[in-house]
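**Q** Handing you a structure now.
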């Protein structure tokens, strides 16, 4: 088969695969339609360059095929061609980078009315912290993280007392309410990703990364970890349910606050001490009888 035909079939197959592929992105459920537009633009520019290069190769194969009487022309440089290629490459790269930089600027420019949500990642699960009635999250320190204080909230910070704790892989969000995701990790790299939201970012141990989005379609969505984090990476999944304002407020009112968690732990601790004290009393009583 002639090489030119092979190149043509490669072009045709690639274009048809892109048009009719069954593996395409999911329906969008957030404000980040610009992400899809940027990716589409990248496909068009990259695809156009790919087709142009392949067509040029077909042209070269056909025009410069071996002929007995043809002589090779030595042309070490062509300033005109070099200028054309330099400018074409510059414009192409700028066209690829500019939309991405614009979207990135929007991605990290959080609206003032955004609800902050602390997303804590660990091998291999998620847990969440939302602001309470005061509308502010309490400050945290890594050194404070333990079984009794899973988020490391500073006990002397009044803003942290009413923080709502979701010690579960499932979280609810209010539709049409901008959300600022604050990502933390207690061990290795993770990445909180909901494909329908078109937004994700790495959770890096030791620092807080962030981005924002606005869920705008009521429904249930799957949370994935988009950064390999060990042997349990495949199972590090969760869920997000986007609800109406009424349903969300009802759900939020049913969740436990940090203050309530502390009170519950103190009650359990007091009960355990009482049991130990009673056991010691009975033990001493038995010893006294034996004597």
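The values are calculated or read from the model by the stated rules, or taken from the named source; none is laboratory data. As the structure is a prediction and not an experimental result, all values here were calculated from the model. Backbone-built Cβ (ideal geometry, glycine too); neighbour counts: all protein chains shown.
**Q** Which one of the conditions (1) closer than 20 Å to residue 109 by Cα; (2) touching a residue at least 40 places away in the same chain (Cβ under 8 Å) does residue 148 fail to meet, given that it meets all the rest?
**A** All conditions are met except number (1).
**Q** Let me ask something else about it. Only one of 39, 45, 28 is surrounded by 12 or more Cβ atoms within 10 Å (Cβ to Cβ), out of contact with any helix residue (DSSP H, G or I) (no Cβ under 6 Å at 6 or more places or on another chain) and not in a loop (DSSP other than H, G, I, E, B); which?
**A** 39
**Q** Residues 161, 127, 141: which one is within 23 Å of residue 223 (Cα to Cα) and not assigned by TED's automatic domain parsing to the domain that holds residue 39?
**A** 127
**Q** Right, next: Consider residue 219 carefully, then state whether it is assigned by TED's automatic domain parsing to the domain that holds residue 140, over 21 Å from residue 26 (Cβ atoms) and surrounded by fewer than 17 Cβ atoms within 10 Å (Cβ to Cβ).
**A** no
**Q** Tell me whether segment 78-87 contains one or more residues that are part of a helix (DSSP H, G or I), in contact (Cβ under 8 Å) with a residue 24 or more places away in the chain and surrounded by 11 or more Cβ atoms within 10 Å (Cβ to Cβ).
**A** no
**Q** Go through (1) within 25 Å of residue 100 (Cα to Cα); (2) part of a loop (DSSP other than H, G, I, E, B) one by one and return the number of the condition residue 22 breaks.
**A** The failed condition is (1).
**Q** Show the residue pairs that are 6+ apart or on different chains and have beta-carbon atoms under 9 Å apart, the first residue being within segment 224-240 and on the phi < 0 side of the Ramachandran plot and free of Cβ contacts under 8 Å to residues at least 24 places away in the same chain, the second being surrounded by 15 or more Cβ atoms within 10 Å (Cβ to Cβ) and assigned to a strand (DSSP E or B).
**A** 234/225
**Q** Could I ask something else about it? Do we find a residue being closer than 16 Å to residue 205 by Cα and under 21 Å from the mean Cα position of the chain (by Cα) anywhere in segment 150-164?
**A** Scanning segment 150-164 turns up at least one residue that is closer than 16 Å to residue 205 by Cα and under 21 Å from the mean Cα position of the chain (by Cα).
**Q** Still on this structure, I have one more. Among the numbered criteria (1) surrounded by 15 or more Cβ atoms within 10 Å (Cβ to Cβ); (2) more than 17 Å from the chain's Cα centre (by Cα); (3) assigned to a loop (DSSP other than H, G, I, E, B), which single criterion is violated by residue 247?
**A** (3)
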